[in-house]
Structure formats: structure tokens, C-alpha cells
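Every number in this text was worked out from the coordinates using simple rules, so none of it is lab data. Note that the structure is predicted; figures quoted are calculated from it, not measured. Neighbour counts are summed over all protein chains in view; Cβ atoms, including those assigned to glycine, are modelled from backbone coordinates with ideal geometry.
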């Protein structure tokens, strides 16, 4: 697993990327991953990523899922950064 942070000054975005090198997520599951009660596991409630998605949206951010080539999955979360006057 890898966790990276970036600040994109020209876009005024803070980016968090979490990636792994596992088997990845199927295209069908990717389309539903952030829906409440969707899970690929028998014991999962399917609420975790739905809650994460809502929290990110509440802060005017975006969350995306991508393939982590050559294998695995990458979650990208971006938040706008507001200018602070001193």
C-alpha cells in the first residue's frame, strides 16, 4: 500500500492518493462502489465508501477510483484549498 499527498498550486487543490498492488476492482464494481449497501464481500455492509464519498462531497471535494497499473487500485481524493489572508 502507498499513500501520497500533493499540493497542486496552479489548481489550488490538495490531493491524497491511496494505492495498492492487489487484484484490482472489476469495471462493474467500480460503477457501484460508492453506492450505499454495495459490497463485494459477504460480510460487508457496503456503507464505508458511501460515507467517505459523502464526507468528501460535503467538503467540496472529489473522490475517484483508478487502476493502479500494472496491478491494483488507486483512490484519488481532491479538496479545494482556500486562500488564507494573514
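A few comments on the model shown:
- Residue check, residue 28 over 22 Å from residue 3 (Cβ atoms), free of Cβ contacts under 8 Å to residues at least 60 places away in the same chain and in contact with a helix residue (DSSP H, G or I) (Cβ under 7 Å, 6 or more places away or on another chain): no
Condition check ((1) within 23 Å of residue 3 (Cα to Cα); (2) buried (at least 16 other Cβ atoms within 10 Å of the Cβ)) across all residues:
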{"residue": "35", "(1), (2)": "no, no"}
{"residue": "54", "(1), (2)": "yes, no"}
{"residue": "64", "(1), (2)": "yes, no"}
{"residue": "73", "(1), (2)": "yes, yes"}
{"residue": "83", "(1), (2)": "no, no"}
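- Test: residue in region 3-23 that is more than 19 Å from residue 77 (Cα to Cα), surrounded by 11 or more Cβ atoms within 10 Å (Cβ to Cβ) and more than 12 Å from the chain's Cα centre (by Cα): yes
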